[in-house]
Structure formats: structure tokens, C-alpha cells
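These notes are about the structure you will find just below.
We did not get these values from a lab; they are worked out from the coordinates using the rules stated. Here the structure is a predicted model, which is why all the values come from computation and not from measurement. All Cβ positions, even for glycine, are placed from backbone atoms using ideal geometry, and neighbour counts span all protein chains on display.
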Amino acid sequence: MKFNKIFSGILLVATSTAFGQNLQNATKNTDNEFFTEADKEFRQLITNEPLNASNYFYLGENFFAQKEIDSAIVYWNKASEKDPLNPLSTVASGKVKLIKGDISGAKALFTQVLTKTKNKNAEVIRMIAKAYLNSDFPNTTETIALLNQAVKVDPKNEFNFLLLGDAYLTSEPINPNEAIKNYNDVLDINPKSPLPNPPCIKLLNISQGVGIVTRCSSLYRVSISLSYSKPMFLSPPAFKALSTNPLIES
């Protein structure tokens, strides 16, 4: 009996880890604009875990990234229906309000979930910051403050700095130096980040100096050669960065 309990516990941990890795892979595909692959992975996760609100939330993110707003709202609402106690479900409800122009209603929900999680759930903080960043009603001051809090909670998470870089590029006035600093911080945290490499793409898109391009150029010379033999190797944003940047040698 004791052995069975131990075995069941090990199996549960292994299964949870596998689902977590699959979710991570799916969200990475969204980030790199491999939307079809991400959609398939999220739907498989939903089949495997139909009551897990996080799966619906991130499928909504995948639709939102494609500007399919109505579909995004459908899945964010499903997240709330499946598990209203999941913090990401509250974030989802806030995102829906933000899209519909109810800024005060969205802020109330965001404040509620931040209070409930004691400002210590870095993913919740990041998703709220991202909601503000990608909104028709951007609040870069709030976004940057939230992301700085996420850094305090989760200082080695590269996505904090990736989003901070984006926030500084949309701030008023635009602050490219801070954006570049944060994109470089991503590379410092994860210098072996697999291609396609989001911070390098962003650096290539905004950089004017050879020093910045040099840090990424060796990675992209590799990616250029690989793209000839593996046409699907480059993500859409990586391909655009390469094909439009005159400072990268082919």
C-alpha cells in the first residue's frame, strides 16, 4: 500500500511536470508567432486538462497575438468559467474589460488579483503588465512599475526584461537606451537562448550601432544558413528582422 502511494505521487509529479513543459512550449510558439503549432498544443492541453484555466487563458493569448480579439475573449471567458479561483482567470476577466474600454473595471480586477496573490506571483504580474502594454489604452508608467515588481519577485526570469524593453519602446518619450539595456539583460540571463532569439530580434530592429548588432550577428549568420535547409527554422519576426536589417551579413 505504501509503495502504491509513493508510486502514485511520483506519477502525479511527473505528469504535472510534463504538462508544465508542454504549456511552456506552446507559449513559446505564440511568442515566436508559430500560431498554428501553438493552437494545436493548447487544444491538446485542454483535452488533457479540461478544467485547467491556464490552458484557456494562454490559448486566448495566442488568438490575441493574431489580433483575433473575439476568439481571444471567448477563451478568456472560458478560463473564468472553468476555474474562477485561478489568478489567471481574474487577469483574463480584467483583459476583457480593458478591451471593451472599461479601464476602471479592469484596474479593479487587476488590483484584486494582485492583492490576493500578495504581489508575489510573477506570472500574474507579467500578464497584467502585458495587458496594459498591448492595450488600446496603454499605461506604460503602470506597466514599468509592475514589471519592476516582477523583477523583484523573479529576478532571473528573462521575460520580465523582454517586456520591460517593449515598455520603454512604447513610453512617452520613447526610451531606446533603456529598451536596449533590458534586451541585453535578457541575453545576460540566457546567453544560450535557442534560436529564434526574441531579444536579438528586437535589438536588430532598433539598433543603429555596430556594437549591438555584433552581439547577435553570429547567432543570425547561423540562422540564415539553417533557414536555407530548414525553411521553417526562422520565426516570422526573426525573418523580418534579418531581411530588413542592412547591418547583418548573409
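Take the Cβ-Cβ distance between ASP188 and LYS67 as r, set R0 to 25 Å, and report the resulting FRET efficiency rounded to the nearest 0.05.
0.20
How much length would be gained if the chain were fully extended between GLN44 and GLU142, taking 0.36 nm per residue of separation minus their Cα-Cα distance, in nm to one decimal?
That pair, GLN44 and GLU142, stretches by 31.8 nm at full extension.
FRET efficiency for ASN205 and LYS118, Cβ-Cβ distance as r, R0 = 41 Å, nearest 0.05?
Calculated value: 0.65.
Please list 3J(HN,Hα) in residue order for the range 103-115, calculated via the Karplus relation 6.51 cos²θ - 1.76 cosθ + 1.60 where θ = phi - 60°; whole Hz, with x for glycine and proline.
5, 5, x, 5, 4, 4, 5, 5, 4, 4, 6, 5, 5
Fewest to most neighbouring Cβ within 10 Å: what's the order for SER89, SER171?
If I rank by nearby Cβ atoms, fewest first, I get SER171, SER89.
Label points 7 Å out from Cα along the Cβ direction at PHE35 and SER171: separation in nm?
3.0 nm
As a footprinting exposure proxy, order LEU51, LEU147, LEU23 by other Cβ within 10 Å, with the fewest listed first.
Least crowded to most crowded, the residues run LEU51, LEU23, LEU147.
Please report, for the Cα atoms of the range 45-145, the Rg to one decimal and the Dmax as a whole number; what are they, in angstrom?
Cα-based Rg and Dmax for the range 45-145 come out at 12.6, 39 Å.
For THR140, THR47, THR170, THR30, what's the fewest-to-most ordering of other Cβ within 10 Å of each Cβ?
THR47, THR170, THR140, THR30
Just subtract the alpha-carbon distance of GLN21 and GLU81 from 0.36 nm times their residue separation and send over the number in nm, one decimal.
Length difference between fully extended and current span is 19.2 nm.
Pull out a ≥ b ≥ c, the square roots of the eigenvalues of the alpha-carbon gyration tensor of the range 29-76, then state rounded if a/c is under 1.5, prolate if not and a/b is larger than b/c, and oblate in the remaining case.
oblate
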